[in-house]
Amino acid sequence: MSLLDTPVHDLGQRRRSLSQSLHIDPSLLLGLLLLSGISLFVLYSASGQDIDLVWRQVVRLGVGFTVMFAIAQLNPAPLKRWAPWIFAIGLGLLVAVLVAGEIGKGAQRWLDLGVFRFQPSEVMKLAMPMMVAWYLSDHPLPPTAKRLAVACLIIIVPTLLIERQPDLGTALLVASTGIFVLLFAGISWRLMAAFAALGAAGAVLKYFYFMHDYQRQRVLTFLNPEQDPLGAGYHIIQSKIAIGSGGLYGKGWLNGTQSQLNFLPEHSTDFIFAAYAEEFGLFGILILLAIYLFIIMRGLLIAVQAQDTFTRLLAGSLVMTFFIYIFVNIGMVSGLLPVVGLPLPLISYGGTSMVTLMAAFGILMSIHTHRKLLPR
Amino acid sequence: MAKPTTLKDHFRETRLFTHRTITALAFTVVLMLMLMIRLVNLQVIEHDTYAVLSDNNRVHIAALPPTRGLIFDRNGVLLAQNLPSYSLQVVPEQVDDVDITIEQLRQLVSITEDDERRFRKRYQSSRRFKPITLRTRLSDEEVARFAVNRHRFPGVDIAARLYRHYPQGSLAVHALGYIGRINERELQNIDTSNYEGTDFIGKTGVEKFYEDILHGEVGVQQVETNAQGRTLRVLEQTPPEPGLNLHLTLDADMQRIAEQALGEERGAVVAIDPRDGSVLVLASMPGFDPNLFVGGIDSKTYHALRDSPDQPLFNRVLRGRYPPGSTLKSFVGLAGLEYGVVEPDASIYCPGWYQLDGDDHKYRDWKKSGHGPVDLNRSLVESCDVYYYDLALTLGIDRISRFLEPFGLNDLTGIDTSGELAGLVPSREWKRRAKREPWYPGETLITGIGQGFNLVTPLALASATATLSTYGQHLRPRIVAATEDPDTGDVVDFPVVSNIAVPVEDHANWHYIIKAMTDVVHSRHGTARRIGHNAPYEIAGKTGTAQVFGIKQDEEYVEEDIQKRLRDHALFIAFAPAHEPKIAVAVIVENGGSGGAVAAPIARKVMDVWLLDKGHLHPKHAGKTP
């Protein structure tokens, strides 16, 4: 314990670079800055050249990077100690939002704290992997059956609370952050497959025996939006038209008719990928995905190089959650997955979820730059 | 920290974690490849499809309705024009709640029950993205009020339109006709693509007959629109071709004189230039203001017009079928001469009645005391019935109908305006077909004086009179003289169309009848002498009265009216100058009584305008007169 509290430079003083003393990972920073730059360009076009909106995004990015830098300065050790407390606070907030939550966009997600409003589920996106990692890290891996059961409980309770808001998308995302920890902790694939089968069976059972007709109809629309071309399907049809009409090279910046003429809904937020694909084409997408893949690989490398179980599990889970955002968003915009309201990380216009993401990258940087430099 | 019993194997854990990380990376790459396959599919393989869909989204075809042709009289007096107006339009798919929208619009512009009913009818049947007119002819104030509040009404907009206006009001309404909203039935018969953006269509008269020419060709505009349907810019356009202007043969001044001359009477006046068949006057009174029908007449006004006992909507000139009465005697007399059954100077004795052999029935002359000895000339001048009973019997119905048909009395005249009905010249064959009865000799008698089954429209009567005046030259009456392209000013004259001429046996026979008809007007005993004594030109005419057989069972009249409505119809046909005719006229005054006293003066007024005021009696370039 006392070892972990000791500042890094006290232990070994060889080759301390500037980035290390600033607790910054240059590779990650480069990737994030590239994404931010792309985001501003695309937003300017997708918003119909609304420069005010671009400036607001600049401010948010500023806040996000500040949060990232701040968290990067923290040693991961206290993070581990605080994990149960952060988790407990997150749980408490989730309960509070159910009781006194303000209606925002038809669901109770927001908590008004007077000065600003925020979504407690965002806290849970970080608190969940921290809690599960904390719970598993001090014992041999893979975890025993008993420990696994408790870990599952840790995952299920907040997931259900968020699902009740109701916000199924976030609930699944939060659950997956915990599940990723379990996967990195080495639970057997066979067990994982069994869980997946159990979950699927439960869903089918619920669909056939515990749902009203209108709920079933909603599920059907959710699975196949195109059968409702003027309602839920409208988004996805227009989005596919935007992507498809972009072609190999795209229509060019500011020339995307789908987004410029408002045919594409939510073109600055959840569906910004379609606006980007329309204007920059398949080549633009390749560049974007390459940047994302670069960030993911760098993140996974950080996880592998992490020096204790807690940070490893946490880092792995955070990186994979980042990927899930990307996959689900692009999958939904291109009509591969049902529409769930997840933004495209760092490109979509929006505040809270970006700050959470930047906090996660702060944690990654902290993990990487606070390593004890062991002799080779 | 950790319990001593649970030793962690760091090496093994690290290896496990590394394996899991590699698996995670592989998982990531595989899913990303899936996304790439999906995107390649959308952007490369199906790119063409989506490119078309994208264009379909943004590019809309907007119709550019053509401007309707103007209508002028023969002297360039404007009879029908287009005035700009603003109308309120609603695009159904952009309006959330129509009821609320209409209620809110009511606070800004007046919307009548009729407006709303009409709108709702169209709202149910038309396509969701096409604008529907809610109100037409907004006042400037209403336009301003709406413009300020426009942001409150998505999907509602003001459209500048041209609407039809008839500056002369009711003048010549039965010739011009009017336009109105396209109805369901008309929609079946028109090329709907050419009527995109056009709400109105010719309903009656010239407006209907020349609909194709007046309407023009619709233009198209490819416009880029946003998702809300607002037009952003024009990509491509084909301008509409405006309809052609029409120059009528009608003379607005004569038309006005004729309508004023009829005054409060119900009746019809038709004047034709026998030289080319031009219809100079086509008056049916009473008339109505066609402007009422443009943009929709309200039902109260419409019912008042429809149910009026004077039947202002009824086109008497084209559709009124009257017994020709004694006006037919000129033709029957001519038939007698041409068939050689009449010796012009031979007289018969008229005791005031006529009887068929073996029949008690007395066929009466209008003059109870009788005309005494009557020859052909006198029979026309005094309009002796007995002479024509005898002549008709001698001719027989077969020859009478055979002679009358080439004058167009059994057919449509073929005038170029819509709604004409054909007259009727009875024959054995017709009676067998229509009534399933044989022909009786008594019916031949009354056919000889233009009663019985004989029916003629004022237009056909005027046309037959023109044919008589020109020794059988049978021209089709025409109301449009020329079209004019509003862009280029190119004028295309319509040709004079000749029907088959009436066969002439001997010109002297025709001359005899025409001479007798001038005596009708100019001799001391002529039935139309009151218009002849001061005429500066020679008029050939024939008076007539047509018996009214009774009033319809379902009509109610006050007693005073019954007396009036049981009176005979007054008729008069004439042409002038008698031997070089430049105008032929037919006048019918319903229940007018005497043709000579009531109908003839109207004809005289019309002829005066044409021959004296308009100078056709002595044209300035008189050298060319035939």
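The values are calculated or read from the model by the stated rules, or taken from the named source; none is laboratory data. Note that the structure is predicted; figures quoted are calculated from it, not measured. FYI the Cβ positions are ideal-geometry reconstructions off the backbone, even for glycines, and counts take in every protein chain you see. To get the accessible areas, we keep the full protein, side chains included, count just its heavy atoms, and leave off ligands, DNA and RNA. Shrake-Rupley method; radii C 1.70, N 1.55, O 1.52, S 1.80 Å.
Please give, to one decimal in nm, the separation of the simple spin-label points placed at B:ASP9 and B:ASP613, each 7 Å out from Cα toward the Cβ.
Going from the B:ASP9 label point to the B:ASP613 one covers 12.5 nm.
Separation of region B:402-455 and region B:9-24 by C-alpha centroid, Å?
113 Å
State the percentage of accessible surface on region B:1-118 attributable to carbon and sulfur atoms; use a 1.4 Å probe and exclude ligands, DNA and RNA. Mind showing how you got there, number by number?
Working: 3980 of 6610 Å².
With neighbouring chains kept in place, the figure for region B:1-118 is 60 percent.
Give me the accessible area of B:HIS215, 1.4 Å probe, in Å² rounded to the nearest 10.
The accessible area comes out at roughly 10 Å².
Could you sort A:LYS206, B:LYS367 by their accessible area in this structure, using a 1.4 Å probe and putting the largest first?
Working: A:LYS206 100, B:LYS367 75 Å².
Putting A:LYS206, B:LYS367 in descending order of accessible area: A:LYS206, B:LYS367.
In a shell of Cβ-Cβ distance under 9 Å around B:SER110, excluding B:SER110 itself, what net charge do Lys and Arg (+1) and Asp and Glu (-1) give? Could the numbers behind the result be given before it?
On the way: positive: B:ARG106, B:ARG135; negative: B:ASP115, B:GLU142.
Taking every Cβ under 9 Å from that of B:SER110, the sum is 0.
When the dipole is taken about the Cα centre of the protein assembly as shown, and only Lys, Arg (+1) and Asp, Glu (-1) are charged at their Cβ, what size is it in debye, to the nearest 20?
Values: 95 positive and 100 negative charges, 1145 e Å.
The dipole magnitude comes to about 5500 debye.
So what is the accessible area of the protein assembly as shown per residue, in Å², with the probe set to 1.4 Å?
In whole numbers, the protein assembly as shown has 46 Å² accessible per residue.
Which residue, chosen from A:ALA171, A:ALA193, A:TYR207, occupies the Cα position most advanced towards the positive end of the dipole of region A:79-210, where the dipole is computed from +1 (Lys, Arg) and -1 (Asp, Glu) charges on Cβ about the Cα centre?
My answer, from the dipole projection, is A:ALA193.
From the phi of every residue in region A:267-278, what ³J(HN,Hα) in whole Hz does the Karplus formula 6.51 cos²θ - 1.76 cosθ + 1.60 yield, where θ is phi - 60° and glycine or proline is x?
6, 9, 10, 5, 9, 5, 4, 5, 5, 5, 5, 5
Compute the Cα gyration tensor for region A:79-210, then decide on rounded, prolate or oblate, letting a ≥ b ≥ c be the square roots of its eigenvalues: rounded whenever a/c is under 1.5, prolate when a/b is larger than b/c in the other cases, and oblate in all that remain. If you can, show how the numbers build up before the last one.
Values: a/c = 2.83, a/b = 1.29, b/c = 2.20.
Taking the square roots of the gyration eigenvalues as a ≥ b ≥ c, region A:79-210 is oblate.
In deg cm²/dmol, rounded to 500, what helix-only [θ] at 222 nm does chain A give when every DSSP H run of at least 4 residues adds -39500 (n - 2.57) and the total is split over its residues?
The helix contribution divided over chain A gives -23500 deg cm²/dmol.
Rounded to the nearest 20 debye, what is the charge dipole size of chain A about its Cα centre when +1 sits on each Lys and Arg Cβ and -1 on each Asp and Glu Cβ? Please report the intermediate quantities before stating the final value.
On the way: 25 positive and 19 negative charges, 237 e Å.
The dipole of chain A has a size of about 1140 debye.
Going by the alpha-carbon gyration tensor, a ≥ b ≥ c the square roots of its eigenvalues, is chain A rounded (a/c under 1.5) or, if a/c is not under 1.5, prolate (a/b greater than b/c) versus oblate? Don't jump to the answer; show the numbers that get you there.
Values: a/c = 1.78, a/b = 1.22, b/c = 1.46.
The shape class here is oblate.
If amide H atoms are built 1.01 Å from N in the plane of the peptide, which residues on other chains or at least 5 residues away come under 5 Å of the amide H of B:THR67?
So B:THR67 has HN proximity to B:GLY243.
List the residues, sorted by chain then number, that are 5 or more residues from B:ALA482 or on another chain and whose placed amide H is less than 5 Å from its amide H.
So B:ALA482 has HN proximity to B:HIS247, B:PHE494.
Just reorder B:GLU207, B:GLU103 by solvent-accessible area, largest first, 1.4 Å probe, all chains present. Before the final figure, lay out each step's value.
Values: B:GLU207 0, B:GLU103 100 Å².
I get B:GLU103, B:GLU207, largest accessible area first.
Give the relative contact order (percent, whole number) for region B:85-160; include only Cα pairs under 8 Å separated by 6+ residues.
Working: 94 pairs, mean separation 45.2, N = 76.
Dividing the mean separation by the residue count of region B:85-160 yields 59 percent.
Accessible area of A:TRP189, 1.4 Å probe, to the nearest 10 Å²?
Solvent-accessible area, nearest 10 Å²: 130 Å².
With N residues in region A:270-340, what two-decimal value do you get for its Cα radius of gyration over 2.2 N^0.38 Å? Each step should come with its number before you reach the end.
Working: Rg = 14.6 Å, N = 71, 2.2 N^0.38 = 11.1 Å.
Relative to the 2.2 N^0.38 Å estimate, region A:270-340 comes out at 1.31.
By how many degrees, between 0 and 90 and to the nearest 10, does the Cα long axis of helix B:47-58 differ from the longest principal axis of chain B?
Approximately 60 degrees, to the nearest 10.
Enter the mean projected area of the convex hull around the alpha-carbon atoms of region B:85-160, in nm², rounded to one decimal.
Values: hull surface 17.8 nm².
Across all orientations, region B:85-160 yields a mean hull projection of 4.4 nm².
Could I have the simple spin-label model distance between B:ILE213 and B:PHE494, label points 7 Å from Cα toward Cβ, reported in nm to one decimal?
Using points 7 Å along Cα→Cβ, the separation is 0.5 nm.
What's the angle, to the nearest 10 degrees (0 to 90), between helix B:140-149's Cα axis and the longest principal axis of chain B?
Here the helix axis deviates by roughly 10 degrees.
Put A:THR369, B:THR192 in order of accessible area, largest first, 1.4 Å probe: what do you get?
On the way: A:THR369 10, B:THR192 75 Å².
Final ranking, largest accessible area leading: B:THR192, A:THR369.
What is the helix-to-structure angle for B:507-522, meaning the angle in degrees between its Cα long axis and the longest Cα principal axis of chain B, kept from 0 to 90 and rounded to the nearest 10?
Between the helix axis and the principal axis of chain B, the angle is about 90 degrees.
Summing Lys, Arg as +1 and Asp, Glu as -1, what charge do residues with Cβ under 12 Å from the Cβ of A:MET365 carry, A:MET365 excluded?
Details: positive: A:ARG298, A:ARG371; negative: A:ASP25.
Counting the neighbours of A:MET365, the net charge comes to +1.
Between A:TYR207 and A:SER21, what FRET efficiency comes out of the Förster formula 1/(1 + (r/R0)^6) with R0 = 51 Å and r the beta carbon distance, rounded to 0.05? Write down the numbers at each step before the final one.
Working: r = 56 Å, r/R0 = 1.09.
The computed FRET efficiency comes out at 0.35.
Counting only the heavy atoms of the protein chains, how much of B:HIS151 is accessible to a 1.4 Å probe, in Å² to the nearest 10?
In the full protein context, B:HIS151 sits at about 150 Å².
Quick check for me: using +1 on Lys/Arg Cβ and -1 on Asp/Glu Cβ, what's the dipole size of region B:85-160 about its Cα centre, in debye to the nearest 20? Intermediate values should be presented prior to the final figure.
Values: 14 positive and 13 negative charges, 70 e Å.
Rounded to the nearest 20 debye, it is 340 debye.
First measure r as the distance between the Cβ atoms of B:GLN311 and B:GLU186, then evaluate 1/(1 + (r/R0)^6) with R0 = 25 Å and state the FRET efficiency to the nearest 0.05. Show your work: numbers first, answer last.
On the way: r = 24 Å, r/R0 = 0.96.
The computed FRET efficiency comes out at 0.55.
Using label points projected 7 Å from each Cα along Cα→Cβ, tell me how many nm separate A:SER188 and A:ILE156, to one decimal.
Result: 2.1 nm between the two label points.
Give me the net charge for the shell around B:HIS579: Cβ to Cβ below 10 angstrom, other residues only, Lys and Arg +1, Asp and Glu -1.
-1
Which value in deg cm²/dmol, rounded to the nearest 500, describes the helix-derived mean residue ellipticity at 222 nm for chain B, given -39,500 (n - 2.57) per DSSP H run of n ≥ 4 and division by the residue count?
Numbers: 21 runs with 215 residues, N = 626.
Result for chain B: -10000 deg cm²/dmol, rounded to the nearest 500.
Please report, in cubic angstrom per residue, the volume enclosed by the convex hull of the alpha-carbon atoms of region A:17-93. Don't jump to the answer; show the numbers that get you there.
Working: hull volume 9.3 nm³, N = 77.
Each residue corresponds to 120 Å³ of Cα convex hull volume.
Of the residues A:LEU198, A:LEU300, A:LEU168, which exhibits the maximal mean-square fluctuation in a Gaussian network model of chain A defined by a 10 Å Cα contact cut-off?
So, out of A:LEU198, A:LEU300, A:LEU168, the one fluctuating most is A:LEU198.
Could you list, in their original order, any pairs among B:LYS368/B:LYS431; B:LYS367/B:LYS542; A:LYS80/A:LYS372; A:LYS125/A:LYS372 whose Cα atoms are separated by more than 22 Å?
Working: B:LYS368/B:LYS431 31 Å; B:LYS367/B:LYS542 17 Å; A:LYS80/A:LYS372 17 Å; A:LYS125/A:LYS372 28 Å.
Distance filter (> 22 Å) returns B:LYS368/B:LYS431; A:LYS125/A:LYS372.
Taking the Cα centre of each part, how many Å lie between region B:310-380 and region B:32-85?
Comparing the Cα centres of region B:310-380 and region B:32-85, I get a distance of 68 Å.
Interface size between chain A and chain B, please: total buried accessible area, 1.4 Å probe, rounded to the nearest 100 Å². Write out the running numbers ahead of the final one.
Details: alone 18580 and 31750 Å², together 46070 Å².
The A and B chains share an interface burying roughly 4300 Å².
By how many nm would the segment from B:ARG321 to B:ILE61 lengthen if fully extended, with 0.36 nm per residue of separation less the alpha-carbon distance?
On the way: separation 260, 0.36 × 260 = 93.60 nm, distance 4.94 nm.
So the extension gain works out to 88.7 nm.
Residues in region B:11-38 near a label at B:ILE45, defined as backbone nitrogen under 14 Å from the 7 Å Cα→Cβ point?
B:34-38
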